[in-house]
Amino acid sequence: MQWKEVREKHPDKWVLFEALEAHSENGKRIVDNISILNTFNNSNEATKTYRKIHRKNPHRELYVAHTKKEKLEIEERKWLGIRT
Amino acid sequence: MVGDKNMKFSIEIIDNLPFIKLKLHHKGNELILPKVLIDTGSAKSILKEELVENIGIQPEPDDILGSIRGVGGTEFVYIKQIDLIAIGNIRVNKFKVDIGEMDYGFDINGIIGMDFLLETNSTIDLKNLYIKA
């Protein structure tokens, strides 16, 4: 699903979704295919659920965003990690 | 935005890593975050979501999102402009910082990266264990 469709189906909601397909372009992450995990009325519930799922599956590319946003704008960071 | 000259703020070494105490002001609230890592290997700073929630920092519809990807998986962050962020008197107003889960398997509440250190012209003194600007 594209972000446009997500917005049409779930107006004025917080959405927890997985990027099934995505690519990187000029320091931005572009999500090409979205799978919705859940929708919420407030951001707290959305981030709480995100944490729960992310802790079990840290490699799944999950996001929380509000459908008020016309365009998904995602800045990309690369992380090599802290070494202890 | 540099603080008063010659003010020094202590660094604590834990597991061979340098930590400081960070002060945040946002929308009239204040929060002290202990155990914040100083990391010259990190371009951007990040703060732990579960703690900054306490002073009303939370996702808002218009926030720009971020994706941190690398060893160990991928992490979603959102980017917030904090009214003031400070190590003692070394402070920056309207500082843009990533807010994320930071579930890295050890006790850490934030990372101060090169964005803050360059902006404040900070000096890290590892002999005497302080940071100054």
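Equivalent ellipsoid of chain A: semi-axes from √(5λ) of the C-alpha gyration tensor, largest first, are 22, 17, 11 Å.
Along the charge dipole of chain B, Cβ charges K/R +1 and D/E -1, which of B:PHE19, B:ILE68, B:LEU126 sits furthest on the positive end? Most positive-ward Cα: B:LEU126.
Run the dipole for segment B:2-123 about the Cα centre, Lys and Arg Cβ at +1, Asp and Glu Cβ at -1, nothing else charged, and hand back the magnitude in debye, nearest 20.
Working: 13 positive and 19 negative charges, 110 e Å.
Magnitude of the dipole: close to 540 debye.
The angle between the Cα long axis of helix A:43-56 and the longest principal axis of the Cα atoms of chain A comes to about 40 degrees, rounded to the nearest 10. If you run the Gaussian network model on chain B, springs between alpha carbon atoms under 10 Å, then out of B:LEU84, B:LEU47, B:LEU17 the most flexible one is B:LEU17. If only the Cβ of Lys and Arg carry +1 and only the Cβ of Asp and Glu carry -1, the dipole of segment B:67-133 around its Cα centre is close to 280 debye. In order along segment B:102-109, phi translates into HN-Hα couplings of 6, 8, 9, x, 9, 6, 8, 10 Hz, rounded to whole numbers, per the Karplus curve 6.51 cos²θ - 1.76 cosθ + 1.60 with θ = phi - 60° and x for Gly and Pro. Sorting B:GLU101, A:GLU45 from the fewest to the most surrounding beta carbons within 10 angstrom yields A:GLU45, B:GLU101.
What is the protein assembly as shown by shape, rounded, prolate or oblate, if you read a ≥ b ≥ c off the alpha carbon gyration tensor as root eigenvalues and call it rounded for a/c under 1.5, prolate for a/b larger than b/c, and oblate otherwise? Since a/c reaches 1.5 and a/b is larger than b/c, the shape of the protein assembly as shown is classed as prolate.
Computed across segment B:62-133, the Kirkwood radius stands at 14.1 Å (inverse of mean 1/r, all Cα pairs). With a threshold of 28 Å on the Cα-Cα distance, the over-threshold entries among A:LYS71/B:LYS35; A:LYS28/A:LYS56; A:LYS9/B:LYS44; A:LYS9/B:LYS27; A:LYS68/B:LYS27 are A:LYS71/B:LYS35; A:LYS9/B:LYS44; A:LYS9/B:LYS27. By the rule of a C-alpha distance below 19 Å, with chain neighbours fewer than 8 residues away ignored, the aspartates and glutamates paired with A:LYS52 are A:GLU18, A:GLU61, B:GLU49, B:GLU50, B:GLU53, B:GLU75, B:GLU101, B:ASP103, B:ASP107. Given a 10 angstrom Cα cut-off, can you work out which residue in B:ILE14, B:ILE79, B:ILE55 is the most mobile in a GNM of chain B? Among B:ILE14, B:ILE79, B:ILE55, the largest mean-square fluctuation in the Gaussian network model of chain B belongs to B:ILE14. Using the Cβ-Cβ distance between B:TYR130 and B:GLN58 with R0 set to 30 Å, the FRET efficiency works out to roughly 0.35.
Bear in mind these aren't lab numbers, they're just calculated from the coordinates by the rules spelled out. Note that the coordinates shown come from a computational prediction; the quantities given were computed from them, not determined experimentally. Using ideal geometry, Cβ is built from the backbone for each residue, glycine included, and neighbour counts are taken over all protein chains shown.
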